[in-house]
């Protein structure tokens, strides 16, 4: 159901306020169907499974939830063509790659882990939405340079407005990523008695934090924008995806563990 609604919503073009409300309602239904499917995948009978496919699907789902909220205030038709196909793929990802990574009861019962998990997922999803925003801005700038605009891109806000929105997203996500690292250290210390463990996810999350930190400093001091901001945004997002999703993909799909 979620797959069909995402695909229909991606093709639909609102021609009136009524049609726009119908499309937003269809997106809500798609998000609800996707959310129920995620709940069944994460909690299949008393245990919590969180492999790479569930993590990626949940990240996309949250990003689309943020996108839906954005559409209440800003017209972002062009972003729909990127976000909704991603949602359609994510809705079936857990079926193709169910995974077998079960989190221990001690992890689930820990309040620190729960806080860490929620903050991390919010940070991941905001950074994903920021990366999609950056790609849409690059497309719009290229079409503007060549004086070619599709209907969706023509309905976008001015590039300066989108740029301000992009950096608001990155700033909020950077705060959440900082809290993710702090709560991750606290959880590791409570579980293993040490505040630092050299793991792939820790290394890549720290690299991502540094990249986005440099981007925000460069924006504030040097006025970074355009292609420079796009490159740093995508580099930071890729590093963040490698932190958990990438490592779990290697373990579950390539190494079959």
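Given their separation in residues at 0.36 nm each and the Cα-Cα distance between them, residue 142 and residue 220 gain 25.6 nm when the chain is fully extended. Can you give me the orientation-averaged projected area of the convex hull built on the Cα atoms of the stretch 33-82, in nm²? Average of the hull's projected areas for the stretch 33-82 equals 4.0 nm². Roughly speaking, what is the centre-to-centre gap between the stretch 224-245 and the stretch 85-115 when only Cα atoms are used, to the nearest Å? Using only Cα atoms to place each centre, the spacing works out to 23 Å. Using the Cβ-Cβ distance between residue 135 and residue 75 with R0 set to 25 Å, the FRET efficiency works out to roughly 0.90.
None of the figures in this text is laboratory data; all of them are computed from the coordinates on show. Remember, it's a predicted structure, so these values are computed and weren't measured experimentally. No Cβ is skipped: glycine too gets one built from the backbone with ideal geometry, and neighbour counts run over all protein chains shown.
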